[in-house]
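Derivation of every value follows stated rules applied to the coordinates shown; laboratory data play no part. Here the structure is a predicted model, which is why all the values come from computation and not from measurement. Glycine also receives a Cβ, built like all others from the backbone with ideal geometry; neighbour counts cover every protein chain displayed.
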Amino acid sequence: MVDFNRNNAVTGTAAAYDEGLRAYMLKVYNYMALALSITGLVAYVAASTPAIVAMLYRVNQAGQPVGFSLAGYIILLSPLIMVMFLGARMNSLSFRGAQTAFWIYSALMGLSLSSIFLIYTNASIARVFFVTAGTFAAMSLYGYTTKRDLTGFGSFLIMGVWGIVIASLVNLFLHSSGMYYIVSILGALIFTGLTAYDTQRIKQNYYQFQGTGEMEGKVAIMGALSLYISFINIFMSLMQLFGNRR
């Protein structure tokens with residue numbers, strides 16, 4: 001009888017733990033989905049507002065952006081500054097502060113990505129978005145369910161991200177179409193892999209921070225941010241490879 005009660009208690013604890021993890025992951029995905037919605041809405045409104053387009057871009061006679069204005073470069077760099085701010089101040093920020101910073105970041109990202117509605121057709125944007133969503137969902141599910149430790153794999157991919165950043169900066173001066181496509185292909189592959197790695201890391205963070213109150217919420221925000229960044233980069237890489245220009 002004692003063993004039976006003990007087994008029931010262990011089973012009940014495990015079930016409650018699994019339920020808590022699922023609720024935590026759902027919270028992370030909801031944060032990410034809301035951030036993506038803000039980004040998409042801001043990007044569409046900005047691209048549809050001539051005054052904002054004129055402020056952010058230099059456009060040709062066909063109305064397509066051919067480069068960023070000074071304000072555009074500032075907006076382009078602002079999401080990177082926000083990510084650095086969140087990483088440096090996460091411990092000192094309140095949960096509401098971290099949440100607000102995440103929404104501001106997603107809005108700034110929308111402004112910086114508004115050019116896609118000027119360059120690509122709406123049909124191809126929708127098509128690539130759904131392909132990205134399917135790819136992201138499959139890799140996130142793999143990261144959630146796999147028993148394999150992806151830590152070493154993730155470290156290798158993070159080094160690949162730095163390689164992409166350096167190559168992209170170099171190509172700003174070289175204007176090589178070949179390097180442009182190589183970077184896009186590598187970006188899609190690397191951030192697809194990072195989706196699985198980040199999902200597993202978010203699970204591990206739940207094990208570490210569950211029951212810590214505000215800190216648990218802030219860690220969920222950071223998890224949503226990492227998944228959001230992977231999604232955006234997969235989407236942009238695929239748009240550059242498969243998007244139909246206007």
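Computed quantities for the displayed model
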{"item": "Of residues in the range 128-155 being of a type in the set (Val, Ile, Thr) and under 28 Å from residue 21 (Cβ atoms), the one surrounded by the most Cβ atoms within 10 Å (Cβ to Cβ)", "result": "132"}
{"item": "Residues of the range 100-116 satisfying the condition of being out of contact with any Pro (no Cβ under 8 Å at 6 or more places or on another chain), surrounded by 17 or more Cβ atoms within 10 Å (Cβ to Cβ) and not small (Gly, Ala, Ser)", "result": "102, 111, 113, 116"}
{"item": "Every residue from the range 194-246 that is among the charged types (D, E, K, R) and surrounded by 20 or more Cβ atoms within 10 Å (Cβ to Cβ)", "result": "198, 218"}
{"item": "Candidates 125, 158 - the one that is surrounded by 11 or more Cβ atoms within 10 Å (Cβ to Cβ) and touching a residue at least 40 places away in the same chain (Cβ under 8 Å)", "result": "125"}
{"item": "Only listed residue being aromatic (Phe, Trp, Tyr) and either assigned to a loop (DSSP other than H, G, I, E, B) or in contact (Cβ under 8 Å) with a residue 12 or more places away in the chain (or both), chosen from 207, 197", "result": "197"}
